[in-house]
Structures are given as C-alpha cells and as structure tokens.
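The values are calculated or read from the model by the stated rules, or taken from the named source; none is laboratory data. All figures in this text were calculated on a predicted structure; none of them were measured in a lab. When we count neighbours, we look across all protein chains shown, and the Cβ atoms used for this are built from the backbone with ideal geometry, even at glycine.
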Amino acid sequence: MASTRILGVTGGIGCGKSVVCAYLAQLGAEVFDADLTARSLMESDERVRQEVTRAFGRESYREDGSLNRKWLASQVFAEDSRLEELNGIVHPKVAEAFGILRNRFEGGLLVHEAALIYEAGVENRLDAVCVVTAPKELRIARVMARDRVSAEKVLARMSRQLSQEEKAGRADVVLVNDSDMAAVRSKSRRLYELAMSGEGLSFENFRFTRQL
C-alpha cells in the first residue's frame, strides 16, 4: 500500500490557498476543505444547528433552513469572543469528519485546507503545513472583487486572523502567490512533488527551509 502524507494548507484571507488546493487536487491529491465542511455541518448537523441558534439567535438561519452567513458574520466578527464561541461549536465536528477521512485514506497526498490550522491547534496532527502568502494590497483587492465588500471590511476580517508573518514564521513550506495563474500552478506542482518525494514531509526536516 502506498504511504500517506498529510499536508495542511492555510493562509490569510485573499492569499489564494483554495487555488493552490485546486491545483493539488488536479495533480491527484485528496483535498479536505475544512471551511466548506464547517458550513455544511452548520446546515446539515441538527445538533450544530441547535447550538448555533442558541448562541447567535434564530436569525442565524433563513426561513428555508439555509445558513444566514451574512447575519452570522456580522455577529462573529463583532468581537473575538464570539468567533471563538462559533469555532468551539463547529471545530470538534470538523475534526471528527477529517479523522474519518484520514482513517479510510489509502495512500497518496491528503490535503487539509483550512483558514485556521494554527488557530485551531491542528498542525501537530499533520505531517507539515504550507502557508500561502501574498502582498497585503493584492489580498485586499482579491477579496473586494470576490465578496463585493469594502477595503475596511476586508481589513477588519484580516485583523481577526493571525498575521501572515506569524503564520509564515511557523510554516514548513511557504508558497508566495503574488503573480499570475501560471506561476501559482507551477509552484503548486513543486509543492506536490515535494510532498510526495523521498522520505516525505516532516516538521523536523522542512521547518523554515522551503519557500516556493
């Protein structure tokens, strides 16, 4: 049976980590999207729904039962303690879902994509972590175009996350996404090859030594 390598991919809002993970998937990696899983659980898991409603009010869900993401964001980004409260409800279920996938994974590269790998304390469950970075101005422009929000709102979201510099300082691999799609595709391939090569990734072997 082929060996399994588990790579975390994270980065601040607007860095382009989802683009990197999409390329890794094209190359054959299995990608677990923790943020997408969290949103799915908030809609599909009855216990999570009850806890979210209890903590943040009935407005958390629309009349059709779908998650009212705009309302919930207005609540959790108002103060750090509210974001921590939501994470405390959802993260254990996300970890459980990832554990199920990891246990049935039969070899190759398994990617754990999440905005909050370090904040959630899951890095030591992974073989290594890649932090995707980009210049601040570029990140702001990307999110403004994607979410149709003001620069002020993007900056407010950034302030709720660990700084890009702190994440990069803790990373095993840093992938700089500051150019065009061809460049990030090439770097993603190099990341995939690095993850699958030789003895594989480990915190001891790769910490602070690789920048793509």
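Looking at V111, V154, which one is crowded, with 19+ Cβ neighbours inside 10 Å and in a helix (DSSP H, G or I)? Give the derivation first.
Values: V111 fails: in a helix (DSSP H, G or I).
Testing whether each residue is crowded, with 19+ Cβ neighbours inside 10 Å and in a helix (DSSP H, G or I) leaves just V154.
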Close pairs (8 angstrom Cβ cut-off, 6 or more residues apart or separate chains): farther than 13 Å from G14 by Cα in the range 151-162, at pLDDT 90 or above and surrounded by fewer than 16 Cβ atoms within 10 Å (Cβ to Cβ) anywhere: none
Top-ranked residue in the range 70-115 [being β-branched (V, I, T) and touching a helix residue (DSSP H, G or I) at 6+ places or on another chain (Cβ under 8 Å); ranked as nearest to F56 (Cα to Cα)]: V76
A34 being out of contact with any strand residue (DSSP E or B) (no Cβ under 8 Å at 6 or more places or on another chain) and not polar (S, T, N, Q): no
Failed criterion for E106 (all others in (1) free of Cβ contacts under 8 Å to residues at least 12 places away in the same chain; (2) not in a helix (DSSP H, G or I) hold): (1)
Helices (runs of 4 or more DSSP H) completely within the range 1-92 that count 1 or more residues being crowded, with 17+ Cβ neighbours inside 10 Å, among the charged types (D, E, K, R) and in contact (Cβ under 8 Å) with a residue 24 or more places away in the chain: 17-26, 46-56
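Tally the residues that are within 26 Å of G65 (Cβ to Cβ) and either among the small types (G, A, S) or over 14 Å from the mean Cα position of the chain (by Cα) (or both), restricting the search to the range 19-48. Spell out how you get there, then give the answer.
So in the range 19-48, the residues within 26 Å of G65 (Cβ to Cβ) come out as 32-48.
Among the residues that remain, those that are also either among the small types (G, A, S) or over 14 Å from the mean Cα position of the chain (by Cα) (or both) are: 34, 38, 40-48.
So the answer is 11.
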